[in-house]
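Please read the structure below before turning to the comments.
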Amino acid sequence: MKVFVCREKRPLETRVALDPPAVLRWIKLGASVTVESGAGLAAGHPDEAYLKVGATIAADPHKALAEADCVLRVRPPDSAEIFQQKPGSMAVGFMDPFFNRGLIESMASAGVTGVCMELIPRTTLAQKMDALSSQANLAGYVAVLMAANRLDSILPMMMTPAGTISPAKVFIIGVGVAGLQAIATARRLGARVEAFDTRPVVEEQVRSLGAKFVKIDIGETGQTEQGYARELTPEQVAMQQAGMAKVCAASDIVITTAKVFGRQAPRLLTAEMLSGMRPGAVVVDLAAESGGNVEGTRLDEEVVLENGVRLLGWGAPECQVPRHASQMYAANLTALIEHFWNAETGAPDLERDDEILKGCLLVHRGQVQERFKP
Ligand code: NAD
């Protein structure tokens with residue numbers, strides 16, 4: 001199987017789909033791997049590092065794309081790139097499937113098999129292939145460091161001859177994978193942390209990390225079978241906002257990570273709530289790429305409001321730690337291919353009756369997965 005690792009085209013994207021150690025594992029399986037020149041540079045992996053483990057560097061990326069049986073990316077390709085792939089080949093990566101109808105249609109008409117990393121089931125067996133989790137984990141960590149970096153004060157308590165400094169107050173809204181890591185990181189830096197999520201099961205996890213769970217009664221919420229939050233009604237959002245306003249006003253840092261799978265992120269912090277925060281406070285909106293939790297967030301920008309509150313809207317903060325983000329993403333892709341690998345054919349077996357496959361095969365043999373059909 002000929003594998004091609006593309007150089008990411010999105011501005012500010014620093015990750016690469018396979019790092020050299022992962023390439024070695026693909027080669028050991030029996031794949032031949034070609035890497036687009038410069039693909040790993042921003043993640044700390046020059047072309048020579050790929051050559052050393054046995055990969056080829058593509059002299060002509062268009063030719064490599066056209067010849068590949070399997071094309072690996074982090075970000076979704078555009079339709080033109082899909083039509084450059086040969087029919088029957090695979091495209092693997094994040095695809096933004098709920099908001100990228102054009103890409104799905106292109107894969108179906110080009111006969112390209114789309115393996116979508118957002119759709120890997122959140123099950124124990126698939127944990128090592130779960131790229132949403134591996135990247136969210138890093139995003140939660142980086143969000144706290146970014147906020148600490150931009151804050152005008154320190155996070156830990158300090159008792160010095162010059163006086164005592166109280167710990168910073170950090171409020172985390174949305175306690176999935178990113179939120180949990182943000183809590184743990186802020187705690188490690190000495191902050192006092194509070195958190196809220198609409199899924200009641202999270203309360204125990206928040207407490208076990210040494211943070212306080214903010215209780216807001218918004219009525220029936222619950223979660224889906226996959227553990228995702230359900231969308232709130234407008235009335236529930238209003239109740240949540242009323243409950244959170246005071247906590248935000250008392251916080252030095254607010255980090256929002258609230259997402260509803262398959263939908264735009266809920267708008268949770270209004271301009272009014274932001275106007276009640278202190279000058280110099282920092283808000284990090286980790287949902288900036290899917291619409292934003294915070295009014296006024298601008299994707300990939302820092303905005304300073306009139307009252308001195310800073311809004312950080314970096315879309316994928318894990319791009320600031322590209323070496324580890326790539327290492328984890330590459331490990332996810334490798335675990336996926338190893339799971340489906342057929343040593344006899346020297347290719348993955350995509351015809352198997354398998355729950356993980358059913359989840360992540362977005363398009364196969366021209367057929368679009370049922371729930372993504374128009
Ligand atoms: P996500 O990125 O979809 O959402 C982030 C968080 O936002 C979630 O905790 C969600 O409940 C919360 N949220 C949504 N609306 C909100 C609102 N209005 N206010 C406050 N919070 C709100 O979540 P995720 O990090 O991808 O995790 C989703 C679920 O999957 C979790 O239950 C997680 O434990 C589970 N999970 C399971 C596995 C596994 O079993 N292998 C792996 C990873 C995640």
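Structure notes:
- Distance in nm between pseudo-label sites at R188 and E370 (7 Å out along the Cβ direction from Cα): 4.3
- Peptide ranges 117-127, 141-151 listed from the most packed, as the mean C-beta count within 10 angstrom indicates: 141-151, 117-127
- Amide H within-cut-off set for V309, under 5 Å, with H built and near neighbours excluded: G280
- Projected area, mean over directions - the range 136-320, Cα convex hull, nm²: 10.2
- For the chain, the longest principal axis of the C-alpha atoms and the axis of helix 131-150 are separated by about 40°.
- In degrees, nearest ten, helix 322-340 long axis to first principal axis of the chain (Cα): 50
- Under 5 Å from the amide H of S89 lie the amide H atoms of T113, each residue being 5 or more positions distant or on a separate chain, with H modelled from the backbone and absent for Pro and chain starts.
- Overall shape of the chain was characterised from the C-alpha gyration tensor. The equivalent ellipsoid obtained from it has semi-axes of 40, 23, 18 Å, in decreasing order.
- In degrees, nearest ten, helix 177-188 long axis to first principal axis of the chain (Cα): 50
- Candidates E289, E220, E67, ranked by Gaussian network fluctuation over the chain, Cα under 10 Å, top entry: E220
- Pairwise centroid distance, computed over Cα atoms, of the range 103-155 with the range 24-80, Å: 21
- Under Karplus coefficients 6.51, -1.76 and 1.60, residue-wise ³J(HN,Hα) of the range 62-75 in Hz, glycine/proline x: 5, 5, 4, 5, 5, 8, 6, 8, 8, 10, 10, 9, 8, 8
- Pairs exceeding a 28 Å alpha-carbon distance, out of K2/K52; K52/K358; K9/K169; K128/K259; K259/K373: K52/K358; K9/K169.
- For the range 273-318: rounded, prolate or oblate by the Cα gyration tensor [a/c cutoff 1.5]: prolate
- Whether the range 129-223 is rounded, prolate or oblate, judged on the alpha carbon gyration tensor where a/c under 1.5 counts as rounded: oblate
- Residues with amide H under 5 Å from that of V284, placed H, sequence gap 5 or more: V254, I255, T256, L312
- Fluctuation leader among E105, E235, E344 - the chain, Gaussian network, Cα springs under 10 angstrom: E344
Bear in mind these aren't lab numbers, they're just calculated from the coordinates by the rules spelled out. All figures in this text were calculated on a predicted structure; none of them were measured in a lab. For neighbour counting, all protein chains shown are included, and Cβ atoms are generated from backbone atoms with ideal geometry for every residue, glycine included.
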